[in-house]
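The values are calculated or read from the model by the stated rules, or taken from the named source; none is laboratory data. All values reported here derive from a predicted model rather than from experimental measurement. As a convention, Cβ positions derive from the backbone with ideal geometry for all residues, glycine included, and neighbour counts pool all protein chains shown. The accessibility values were calculated without ligands, DNA or RNA, using every heavy atom of the protein model including side chains. Shrake-Rupley method; radii C 1.70, N 1.55, O 1.52, S 1.80 Å.
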Amino acid sequence: MKSYREMSRDELIALKKELESQYEEAKAKGLKLDMSRGKAASAQLDMEMDFLDVINSGSDYKTQAGVDCRNYGLLDGIPEAKKLMGDLMGVPEDQVIVCGNASLSIMYDTVARSMLFGVQGSTPWCKLDKIKFLCPVPGYDRHFAITEQFGIEMVNIPMTPQGPDMDLVEKYVNNDPAVKGIWCVPKYSNPQGYTYSDETVRRFARLNPAAPDFRIFWDNAYAIHFLYEDQDDTLLEILSECEKAGKPDMVYEFCSTSKITFPGGGISAVAASKENLEYFKKTMTIQTIGYDKINQLRHVRYFKDINGMKEHMKKHAAIVRPKFEAVLEVLEKELGGLELGTWTKPHGGYFISFHTMEGCAKKVVGKCKEAGVVLTGAGATYPYKKDPKDDNIRLAPTFPSSEELSTATDLFVLCVKLVSVEKLLADMA
């Protein structure tokens, strides 16, 4: 297939006319499709309805140690749930607090706590002249929304297939005391699907922060969210690496079961050093009397252990994998060799990251929306929603049906072609 970049002006003009005709036909279909967020499909939710049957009015509500989960107590979670979530992250259960239904809430509270009360006795961040967070990009929009809401300056750090640009991370963290944190999605990153290499994790653990209250916000959201069981990426465990490096307090790790059981109906957890967790608990004892232990018990009885959880994830993968493959097949078939964009081919997670020609992402998303397909807003994967190259688009294949996904992807590649031809012609003018 001939690269568009090799075409003459006359060839591009003729192609543009043909693509515009196809686009008008697509608009006339009156599509209403949504690929904007990484939501579970109905088939995934239907697959795990028996989760709701594990506990009912006739169930025994006591933990193995005899604690009644219907009552107050066990602020940091029932022991069985602490072990399950610890095994999910690969850390000991005594380094885990099990919380409510969303890890995002823990992250928000952690930033808020640092702003109001400081970190382990340090000056509250709100009393400092300037604080900064490092943000690997493209990245998770909800991370960036948290730091933006608190007025924290965000610094872009380019991502590579091995993780964030660690030369830049080390430069900022080791030399600038205003740098207080970094957002990380270390396995099957949002949106690229990259997994940090062992060397990247070790370099994180060897950081020498200029700020003693610097923390790594390690959002291990996709710890067991593989698409291919035999190609599941491995991630070096960060807490033990930090401990080996003599910096056990430097990292907070977060996870949840939001895309393992029901999104919005799962359990979340934070793992950290014992000193960090004790500091967390001081605020938690005022913030809440306890989280939903019945839901914690439901998760433990449903999965039994981490192996049961991984078996469950195979069922999710069987539903999600064909959708990723279908999108990637269309991208390769329709755009391969045209030099109009690049895209990731993840082994897990919930997204595909697509890079258009520079300056084209907003126009592609706009044209898709005009024709009835909603994508994640261009720029959403960058702090302040400002993509400096205007070239990144996050594709979320999981929610639409197979038929809807095929239609949406066909329209997407059509819009990529049309916007790219317009840019090439504009560059020739």
To one decimal place, what Kirkwood hydrodynamic radius in Å is obtained for the stretch 23-67 from all pairs of distinct Cα atoms?
15.3 Å
Counting Lys and Arg as +1 and Asp and Glu as -1, what is the net charge of the other residues whose Cβ lies under 12 Å from the Cβ of T160?
-3
Within the stretch 1-45: Cβ-based charge dipole about Cα centre, in debye rounded to nearest 20 (Lys, Arg +1; Asp, Glu -1)
280 debye
Could you point to the residue in G290, Y23, C135 farthest towards the positive end of the chain's charge dipole, with +1 and -1 charges on the Cβ of Lys/Arg and Asp/Glu respectively?
G290
Determine the per residue accessible area of the stretch 170-261 with all protein chains present and a 1.4 angstrom probe, expressed in square angstrom.
33 Å²
Can you give me the Kirkwood hydrodynamic radius for the stretch 142-270, using every pair of distinct Cα atoms, in Å to one decimal?
15.5 Å
Give me the angle, in degrees from 0 to 90, between the Cα long axis of helix 293-303 and the longest principal axis of the Cα atoms of the chain, rounded to the nearest 10.
70 degrees
Given 198-207, 60-69, the highest-first ranking by average Cβ count within 10 Å works out to 198-207, 60-69
At a 1.4 Å probe, what is the % contribution of carbon and sulfur to the accessible area of the chain?
49 percent
Compactness of the chain - radius of gyration and Dmax, Cα, Å:
23.2, 79
With bins of 10 Å, the percent of all Cα-Cα pairs of the stretch 247-289 per bin from 0 is 26, 39, 33, 2
Rounded, prolate or oblate: pick one for the stretch 353-426, where a ≥ b ≥ c are the square roots of the eigenvalues of its C-alpha gyration tensor, a/c under 1.5 means rounded, and failing that, prolate if a/b is larger than b/c, else oblate.
oblate
Enumerate the calculated ³J(HN,Hα) couplings along the stretch 89-98 in order (Karplus 6.51 cos²θ - 1.76 cosθ + 1.60, θ = phi - 60°), each rounded to whole Hz, writing x wherever the residue is Gly or Pro.
8, x, 10, x, 5, 6, 10, 10, 10, 9
Could you report the stretch 334-429's accessible area per residue, 1.4 Å probe, as an integer in Å²?
37 Å²
Entries of K333/K367; K39/K423; K62/K274; K16/K389; K2/K323; K130/K293 with Cα pairs more than 30 Å apart:
K39/K423; K130/K293
May I ask for the distance between the Cα centers of the stretch 124-171 and the stretch 353-406, given as a whole number of Å?
22 Å
Show me 165-172, 5-12 ranked by packing, highest mean number of other Cβ atoms within 10 Å first.
165-172, 5-12
Y302 neighbourhood, Cβ < 12 Å, K/R = +1, D/E = -1, net charge -3
Magnitude of the charge dipole, the chain, Cβ model with Lys/Arg +1 and Asp/Glu -1, debye to 20:
820 debye
If one compares the long axis through the Cα atoms of helix 274-287 with the longest principal axis of the Cα atoms of the chain, the angle in degrees, nearest 10, works out at 90 degrees
Out of residues 5 or more away from D391 or on other chains, whose amide H comes under 5 Å of its own, with H placed 1.01 Å from N in the peptide plane?
G359, A361
When the Kirkwood hydrodynamic radius is evaluated over all pairs of different C-alpha atoms of the stretch 1-130, what value in angstrom, to one decimal, is obtained?
21.8 Å
Cubic angstrom per residue, convex hull over Cα atoms of the stretch 303-429:
120 Å³
With a ≥ b ≥ c from the Cα gyration tensor eigenvalues, square-rooted, and the rule rounded for a/c under 1.5, otherwise prolate when a/b > b/c and oblate otherwise, the stretch 35-110 is oblate
Sorted peptide list for 363-372, 300-309, 42-51, criterion being average Cβ within 10 angstrom, highest first:
363-372, 300-309, 42-51
